[in-house]
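The values are calculated or read from the model by the stated rules, or taken from the named source; none is laboratory data. Being a predicted model, the structure only gives us computed values, none of them experimental. Cβ sites come from the backbone with ideal geometry, for glycine too, and all protein chains shown count toward neighbours. These accessible areas exclude ligands, DNA and RNA; they are computed on the full protein's heavy atoms, side chains included. Shrake-Rupley method; radii C 1.70, N 1.55, O 1.52, S 1.80 Å.
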Amino acid sequence: MPDRYQSLMDQIRAGVPILIDGATGTEVERRGVKKIENAWNSAGILSDPDVVQDIHEDYIRCGSQIVISNTFATHRSTLEDAGIADQFETYNRRSVEIAIAAREKLGAEHVLVAGGLSHWSFSGRKPSIEAMRVNAVEQAQILATAGAELLLLEMMSEIDRMLAVLDGAQSTGLPVWPGLSCKLDEQGVPVLLDGEPLVDAMQAITDKDIDLISIMHTDVEHVAACLDVVDACWSGPVGVYAHSGDFAEDASIYFETVISEQGYCDHAKQWLARGVKVVGGCCGVGPAHIDELATLADFGGSS
């Protein structure tokens with residue numbers, strides 16, 4: 001079995017950036033799959049697995065070297081809120097299996113399948129910190145057993161919950177990349193979505209045996225200010241997979257407000273120029289955006 005993770009890290013350490021995928025959840029929505037209340041766009045894993053696999057395949061065809069399982073909204077607390085916690089193991093296992101099937105179908109043995117974990121709540125209910133850690137241990141183990149080779153912590157927006165999920169994920173022994181979701185406060189200072197300073201979040205994780213830290217699910221226009229903070233606190237590799245578009249109260253995205261492919265690419269050029277090593281996209285950023293990114297000379301394409 002190829003050591004895909006080591007190959008990617010060798011590439012990153014050699015100064016060559018890697019391309020990851022774009023949004024899966026909002027792309028599932030764009031392709032017409034019905035949402036699950038309080039568990040967002042996780043439904044397709046079981047209701048429309050072919051759609052989810054097609055999305056992974058599209059990203060692989062664009063040149064993505066990492067595809068992420070559609071498990072952002074399948075941690076135990078979200079499925080409890082949705083009334084389907086009895087399918088917790090199935091949702092998480094199948095999501096990884098679908099991503100692996102996409103890789104196998106295209107013969108893309110170099111592509112690494114990552115498992116996504118979060119602590120986000122669509123209902124507003126927040127389990128205790130210890131419950132969050134225990135749940136992360138269980139979810140991470142399912143993702144690892146199913147074949148995930150890397151775990152990505154997505155939409156980390158509260159420091160204490162981020163640390164609980166990180167601890168749980170690292171119990172598997174797999175590499176873990178935290179992804180911080182940010183905004184700018186009234187003074188223009190980068191903060192996590194819950195309002196805690198980004199600098200505090202960085203200081204909380206820089207000694208946690210991680211290889212890479214990402215800014216993800218953050219407005220494209222705010223990424224540069226966030227990278228200023230990250231660069232001041234962290235000397236290791238950095239990734240960016242930003243989001244674009246406005247959301248309705250039910251978490252549906254208004255696709256008409258999403259940045260153009262060329263507009264996103266223009267921002268990505270700036271991130272790459274300052275040393276970002278991993279680039280992809282989050283909500284609203286679909287295969288067309290990733291296809292445009294793949295043309296950049298940084299990724300080995302033609303500029």
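Among the residues that make up the range 261-273, is at least one of them of a type in the set (Ser, Thr, Tyr) and under 20 Å from the mean Cα position of the chain (by Cα)? Steps first, please.
Going residue by residue through the range 261-273, those that are of a type in the set (Ser, Thr, Tyr) are 264.
In the following step, the residues that additionally are under 20 Å from the mean Cα position of the chain (by Cα) were identified as 264.
Yes - at least one qualifying residue is present in the range 261-273.
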Checklist entry - Pairs under 8 Å by beta carbon, first residue in contact (Cβ under 8 Å) with a residue 60 or more places away in the chain and charged (D, E, K, R) in the range 190-214, partner surrounded by fewer than 20 Cβ atoms within 10 Å (Cβ to Cβ) and outside any loop (DSSP other than H, G, I, E, B), six or more apart or different chains? => result Asp211/Met9
Checklist entry - For Leu166, all conditions in the list (1) open to solvent by less than 40 Å² (accessible area, probe 1.4 Å); (2) not in a helix (DSSP H, G or I) hold save one; what is the number of the exception? => result (2)
Checklist entry - Across the range 1-51, what is the total count of residues that are without any contact (Cβ under 8 Å) to a residue 40 or more places away in the chain and under 30 Å from Asp81 (Cα atoms)? => result 11
Next on the checklist: Just the residues that are in contact with an Asp or Glu (Cβ under 6 Å, 6 or more places away or on another chain), more than 30 Å from Ile210 (Cα to Cα) and either among the charged types (D, E, K, R) or touching a residue at least 12 places away in the same chain (Cβ under 8 Å) (or both), please, taken from the range 227-277.
Outcome noted: Thr257, Glu261
Next on the checklist: Going through Leu117, Leu184, Leu143 one at a time, which residue ends up being of a type in the set (A, V, I, L, M, F, W, C), touching a helix residue (DSSP H, G or I) at 6+ places or on another chain (Cβ under 9 Å) and closer than 16 Å to Ile210 by Cα?
Outcome noted: Leu117
